[in-house]
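Below is one structure, written out as C-alpha cells; the observations come after it.
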Amino acid sequence: MVFMNRRDAGQQLAAKLIGYKNKNPFVLGIPRGGVVVAAEVARELGAPLDVIIPRKIGAPFNKELAVGAVAPDGTTIFDERALFMLGLKKADLEDQVRHELEEISRRSNTYRGNRKPPVLQGKTVIMVDDGIATGMTARAALESVRKMGPDSLVLAVPVASMEAVSQLKQDVDELVCLLVPDVFYAVGQFYQNFRQTSDEEVINIMKELADRSQGQVE
C-alpha cells in the first residue's frame, strides 16, 4: 500500500475510525504533516481538531540523533539504551530539553493563535500522525495526553514500523494503523507525494476547523 499524499492517507484512516463518530471524539494532530492527515479524520468524524506538539531531543553532538522526546507539558522520555551507549546522562540534555520546550511554545502560539488549549478530560481522544518510525515523539505526546484524563486514548496512523507498533500499543486503548510493513526505512517511502507541510498550511487547517473546538477549551 502506498498513499497518494497525506490527504489520501487521512481519508483512508478516517474510514477505519468511523465507529468513533458517535463517541464525541476529539482529534489531535502532530504537526506538521500529521495535521493534514488529522484534518481528514476530523472532517469525516465531525470532530474538533487541535494540535499536540512533541519534539525529539537530539544528542549534543548530533541533533538529528534522537535520544529522547518532550511534550508541551514537560513530559520527557529518554531512550535509556541510547544514553548508555553514548555515555550521556539526562543532565547533559537539560539545555536541549529547554530549547525544545521553547520551540513547542512558539509553534503552539503560531498554530493556535489566541485559542486556548482543549479540555480533554473525559473525552475520546484520537491522536493522529502521518506515520511513525521510532515512536519516540508519539510516546511523549501520549503520556502527556494521558495525564489530562481522557476517557479513551486512540493512536491512529497510516503507517508505522513494527517496533513502534509493538511499543505504542501498550500506551493506548486502541492503535489503528493501516500498514505495518516488514521493511521500514522511512515514513516517506509509503507516500507518492510526501512534500514538507508548511506552517501556513497548518494554520489554515486550524482556522478552518476552529469553530468545532469552541466550547471545548479551557
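Just one of (1) open to solvent by less than 50 Å² (accessible area, probe 1.4 Å); (2) in a helix (DSSP H, G or I); (3) closer than 17 Å to Val37 by Cβ trips up Ala156, so point out which.
Among (1) open to solvent by less than 50 Å² (accessible area, probe 1.4 Å); (2) in a helix (DSSP H, G or I); (3) closer than 17 Å to Val37 by Cβ, the lone unmet condition for Ala156 is (2).
Does any residue in the range 174-190 that is open to solvent by 40 Å² or more (accessible area, probe 1.4 Å) come within less than 7 Å, Cβ to Cβ, of a residue that is in a strand (DSSP E or B) and among the charged types (D, E, K, R) six or more places away or on a different chain, and which pairs are these?
Partner pairs satisfying both residue conditions: none exist.
Tally the residues that are outside any strand (DSSP E or B) and open to solvent by 30 Å² or more (accessible area, probe 1.4 Å), restricting the search to the range 75-87. It would help to see each step written out before you state the result.
Applying the first criterion (outside any strand (DSSP E or B)) to the range 75-87 yields 75, 79-87.
The next check asks that each one be open to solvent by 30 Å² or more (accessible area, probe 1.4 Å); those that pass are 79-81, 84-87.
Residues flagged as outside any strand (DSSP E or B) and open to solvent by 30 Å² or more (accessible area, probe 1.4 Å) within the range 75-87 amount to 7.
Does the range 113-163 hold any residues that are modelled with pLDDT of 95 or more and basic (Lys, Arg), and which are they?
Answer for the range 113-163, where residues must be modelled with pLDDT of 95 or more and basic (Lys, Arg): Lys123, Arg139, Arg146, Lys147.
Based on this model, can you work out whether Val172 counts as at pLDDT 95 or above and either under 17 Å from Val128 (Cβ atoms) or in contact with a strand residue (DSSP E or B) (Cβ under 8 Å, 6 or more places away or on another chain) (or both)?
Values: at pLDDT 95 or above: yes; either under 17 Å from Val128 (Cβ atoms) or in contact with a strand residue (DSSP E or B) (Cβ under 8 Å, 6 or more places away or on another chain) (or both): yes.
Yes: the conditions hold for Val172.
Go through the range 120-141 residue by residue and tally those that are assigned to a strand (DSSP E or B) and surrounded by 22 or more Cβ atoms within 10 Å (Cβ to Cβ). First the steps, then the outcome.
In the first step, residues of the range 120-141 are kept if they are assigned to a strand (DSSP E or B); the result is 124-128, 132.
Right, trim to surrounded by 22 or more Cβ atoms within 10 Å (Cβ to Cβ) and you get 125-128, 132.
So the answer is 5.
The values are calculated or read from the model by the stated rules, or taken from the named source; none is laboratory data. Quick caveat: nothing in here was measured; it's all calculated off a predicted structure. Don't worry about glycine lacking a Cβ; one is built from the backbone with ideal geometry, like all the others, and counts go over all protein chains shown. Side chains are part of the model used for accessible areas, which takes the heavy atoms of the whole protein and leaves out ligands, DNA and RNA. Shrake-Rupley method; radii C 1.70, N 1.55, O 1.52, S 1.80 Å.
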